[in-house]
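K.L.:
Quick one: this structure, given as structure tokens, is what I'll be asking you about.
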Amino acid sequence: VQLQASGGGMVQEGGSLTLSCAASGSMHSLPTVAWYRQAPGKQRELVASIISGKIINYGDSVKGRFMISRDDAKNTLELRMNSLTPEDTAIYYCNAQGGSLLYWGQGTLVTVSS
């Protein structure tokens, strides 16, 4: 399975973006999905995840502003981001995991200007 992330871009502070991650194959066998991000000079951090298809977690810095969702019929994963701040500027990566299999998307850049 290959993951293709898209939807990144430049947005002003307070704006919104929706990131998408399309899988080349079925996601039915990949019950855990997540979005991570990596800002310049910082370590990659978890933004949001859906564990075992039902447990949703968010990083503290995005709680109440971001929403993760998946559509297994379309084999897609989304991250809706609201009230963006310059601190959200980063490359965002999607991943999907099932058993010993772990797949990463190539990343999409989000830049938030003040």
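K.L.:
In nm, to one decimal, how far is the Arg65 label point from the Thr111 one, both placed 7 Å along Cα→Cβ?
P.N.:
1.9
K.L.:
Only residues of the range 3-23 count here: report those whose backbone N is under 17 Å from the spot 7 Å along Cα→Cβ of Glu45, or say none.
P.N.:
Flagged as within label range: none.
K.L.:
Follow-up. Could you run the Karplus curve 6.51 cos²θ - 1.76 cosθ + 1.60 with θ = phi - 60° over the range 104-114 and give me ³J(HN,Hα) per residue in whole Hz, x for Gly and Pro?
P.N.:
10, x, 7, x, 9, 8, 10, 10, 10, 9, 8
K.L.:
Can you compute the FRET efficiency between Leu101 and Glu13 using 1/(1 + (r/R0)^6), with r the Cβ-Cβ distance and R0 = 30 Å? Round to the nearest 0.05.
P.N.:
So the FRET efficiency works out to roughly 0.20.
K.L.:
Measuring from the lowest to the highest alpha carbon on each principal axis, how far does the chain reach, largest first, in angstroms?
P.N.:
Computed over the chain, the largest-to-smallest principal extents equal 41, 26, 24 Å.
K.L.:
Using θ = phi - 60° and the Karplus curve 6.51 cos²θ - 1.76 cosθ + 1.60, what whole-Hz ³J(HN,Hα) does each residue of the range 93-101 get, with Gly and Pro shown as x?
P.N.:
10, 9, 8, 9, 9, x, x, 8, 8
K.L.:
Sticking with this structure for a sec: Against the 2.2 N^0.38 Å scaling, with N counting residues, where does the range 28-72 land? I'd like the Cα-based Rg ratio to two decimal places.
P.N.:
That ratio works out to 1.22.
K.L.:
Show me, for the range 4-19, the HN-Hα J-couplings you get by feeding each phi into the Karplus relation (A = 6.51, B = -1.76, C = 1.60, θ = phi - 60°), rounded to Hz, glycine and proline as x.
P.N.:
For the range 4-19, the Karplus curve yields 10, 8, 8, x, x, x, 9, 9, 7, 3, x, x, 10, 8, 10, 9 Hz.
K.L.:
Oh, and also: Per 0.36 nm of contour for each residue apart, how much would the distance between Gln2 and Arg80 grow if the chain were fully extended, relative to their Cα-Cα spacing?
P.N.:
26.0 nm
K.L.:
Considering only protein heavy atoms and a probe of 1.4 Å, how much of the accessible area of the chain is carbon and sulfur, as a whole percent?
P.N.:
The nonpolar share, carbon plus sulfur, comes to 50 percent.
K.L.:
Leaving out ligands and nucleic acids, note down the accessible area per residue over the chain with a 1.4 angstrom probe, in whole Å².
P.N.:
Ligands and nucleic acids excluded, the figure is 53 Å² per residue.
K.L.:
What is the range 69-108 by shape, rounded, prolate or oblate, if you read a ≥ b ≥ c off the alpha carbon gyration tensor as root eigenvalues and call it rounded for a/c under 1.5, prolate for a/b larger than b/c, and oblate otherwise?
P.N.:
oblate
The values are calculated or read from the model by the stated rules, or taken from the named source; none is laboratory data. Since this is a predicted model, take the numbers as computed values, not measurements. Cβ coordinates were reconstructed from backbone atoms using ideal geometry, including for glycine residues, and neighbour counts include every protein chain displayed. Heads up: the accessible areas ignore ligands, DNA and RNA and are worked out on the full protein's heavy atoms, side chains in. Shrake-Rupley method; radii C 1.70, N 1.55, O 1.52, S 1.80 Å.
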